[in-house]
1. Hey, does the range 80-93 have a residue that's in a loop (DSSP other than H, G, I, E, B) and closer than 16 Å to Asn168 by Cβ?
2. In this structure, does Glu125 turn out to be within 19 Å of Asn93 (Cα to Cα), in a loop (DSSP other than H, G, I, E, B) and more than 15 Å from the chain's Cα centre (by Cα)?
3. Looking at this structure, is Arg107 charged (D, E, K, R) and closer than 27 Å to Trp67 by Cα?
4. Residues that are under 25 Å from Thr108 (Cα atoms): which strands (runs of 3 or more DSSP E) entirely in the range 128-195 hold 3 or more of them?
5. Kindly indicate whether any position in the range 162-176 is among the small types (Gly, Ala, Ser), closer than 17 Å to Gly98 by Cβ and either touching a Lys or Arg at 6+ places or on another chain (Cβ under 6 Å) or crowded, with 18+ Cβ neighbours inside 10 Å (or both).
6. Which residue out of Ala135, Ala112 is farther than 20 Å from Gly176 by Cα and either in contact with a strand residue (DSSP E or B) (Cβ under 7 Å, 6 or more places away or on another chain) or touching a residue at least 24 places away in the same chain (Cβ under 8 Å) (or both)?
7. Quick check on Gly117: is it surrounded by 14 or more Cβ atoms within 10 Å (Cβ to Cβ), farther than 19 Å from Gly178 by Cβ, in contact (Cβ under 8 Å) with a residue 24 or more places away in the chain and not aromatic (Phe, Trp, Tyr)?
8. Could you list all residues from the range 138-151 that are buried (at least 21 other Cβ atoms within 10 Å of the Cβ) and more than 16 Å from Gln164 (Cα to Cα)?
Amino acid sequence: MSKVHSLAKRSEKGLLTPDNCVAAMIDLQPQMLFGVNSHDRQTIINNNLAFAKAARVFHSGDRGRTWTVAETPLLAGIESAGGFSIAFRDASNGVIVGGDYRKPNERTSTGATTHDGGKTWTLIEKPPPFRSGVAWAKNRWVAVGTSGSDISTDEGATWKPLDQENYNTVAFTSAGAGWAAGPKGRIAKFMNAEQ
């Protein structure tokens, strides 16, 4: 894990510091820029190209004053591929999913797990295909994407298909109630996360 430079605490002639600015991580999927009206969309893409060259995880334990970066083994290097969602069930154990949204059925380097708080990531040997969302659901992981949803009950090591519906995001409460959302206003409620 490499260390990202910390910004100076004192502001000198307009220098941005953690006290007077916010770091914005922008999702560069073309369909995600539709709501950006404050800046030119091409300028946003040009200013964020470094993030598209590798599937990296940025972490700050001090509200953005300093950052660390960890490389992941996910597919990256092209504009349609990378990590799309990350979730942790506790401070140590997490899953990151992604892949190439232009190839939604490919299973090459689409998921990884961590057991050290995101410092290192291990590629899932038999991952689901491209997934855009992942969440911890009380006692299992659920991942969703354009070609369906999958579930893992063994810390992300193996995945079983749930359905073939198109969803973009997923979330669960600590009690295990969950929802997924997809195109055209589609919302699904997971009725029983225990089964």
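1. Scanning the range 80-93, I find at least one residue that is in a loop (DSSP other than H, G, I, E, B) and closer than 16 Å to Asn168 by Cβ, so the answer is yes.
2. Answer is yes for this residue.
3. It is false that Arg107 is charged (D, E, K, R) and closer than 27 Å to Trp67 by Cα.
4. 133-136, 141-145, 148-152, 160-163, 169-172
5. Among the residues of the range 162-176, not one is among the small types (Gly, Ala, Ser), closer than 17 Å to Gly98 by Cβ and either touching a Lys or Arg at 6+ places or on another chain (Cβ under 6 Å) or crowded, with 18+ Cβ neighbours inside 10 Å (or both), which makes the answer no.
6. Sole residue among the options that is farther than 20 Å from Gly176 by Cα and either in contact with a strand residue (DSSP E or B) (Cβ under 7 Å, 6 or more places away or on another chain) or touching a residue at least 24 places away in the same chain (Cβ under 8 Å) (or both): Ala112.
7. It is true that Gly117 is surrounded by 14 or more Cβ atoms within 10 Å (Cβ to Cβ), farther than 19 Å from Gly178 by Cβ, in contact (Cβ under 8 Å) with a residue 24 or more places away in the chain and not aromatic (Phe, Trp, Tyr).
8. Once the filter is applied, which keeps residues that are buried (at least 21 other Cβ atoms within 10 Å of the Cβ) and more than 16 Å from Gln164 (Cα to Cα), the range 138-151 yields only Trp141.
Rule-based calculations on the coordinates, nothing more; no lab input. Since the structure is predicted, the reported quantities are computational estimates derived from the model, not experimental observations. Using ideal geometry, Cβ is built from the backbone for each residue, glycine included, and neighbour counts are taken over all protein chains shown.
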